[in-house]
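Single-structure report; data block below.
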Amino acid sequence: MDDTHIAAVEAAVGAARLTPADEPLVALVRCLARQVDGTGAEGPGTRLASTYLVALRTLMARCPPSIDGEGTTTLARLRAERQRPKPTMKRAVTRGGGDPGAEPEERGLA
C-alpha cells in the first residue's frame, strides 16, 4: 500500500491553522486519502477520486494562506519540508530562435 496521499494530507493538516469545527472534515479527508492509497496500481475509481478531490479542496478552502513571522506561506513551508525547488518561470521560445525581444529580421522570421 502506497501512503502518498495520507502523508500529503497529514503534512497539509499539520501546516494549516484549523479549528475543532474542522475535525469532521479532516477525518473525512484522512479516510478518503487512505482509501485512495489502498487502491494500488489500478488507481482509484472516478467516484472515489472526485469525492477525495472535492473534500480536499473544501479542506484547503477552510485554510487561509497562513503567513508566519518570516513572511513565508504554508505552501513555501511544505515545499521546504519536502525539499522541492520552487517553480521557475520558463522563457518563451520563439519559432525562429534567438532573442524574443529582437526584431523579426534579427530572429530569422522575415
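Which of the residues belonging to the stretch 3-13 are surrounded by 12 or more Cβ atoms within 10 Å (Cβ to Cβ) and part of a helix (DSSP H, G or I)?
Restricting attention to the stretch 3-13, the residues satisfying the condition of being surrounded by 12 or more Cβ atoms within 10 Å (Cβ to Cβ) are 3, 5-13.
Selection gives HIS5, ILE6, ALA7, ALA8, VAL9, GLU10, ALA11, ALA12, VAL13.
Among the residues of the stretch 23-56, write down those that are at positive phi and not in a helix (DSSP H, G or I).
If the condition is that a residue be at positive phi and not in a helix (DSSP H, G or I), then GLY43 is the only one that fits.
From the list ARG30, ARG62, which residue is at pLDDT 90 or above, in contact with a helix residue (DSSP H, G or I) (Cβ under 7 Å, 6 or more places away or on another chain) and among the charged types (D, E, K, R)?
ARG30
The values are calculated or read from the model by the stated rules, or taken from the named source; none is laboratory data. Here the structure is a predicted model, which means the values were calculated and not measured. As a convention, Cβ positions derive from the backbone with ideal geometry for all residues, glycine included, and neighbour counts pool all protein chains shown.
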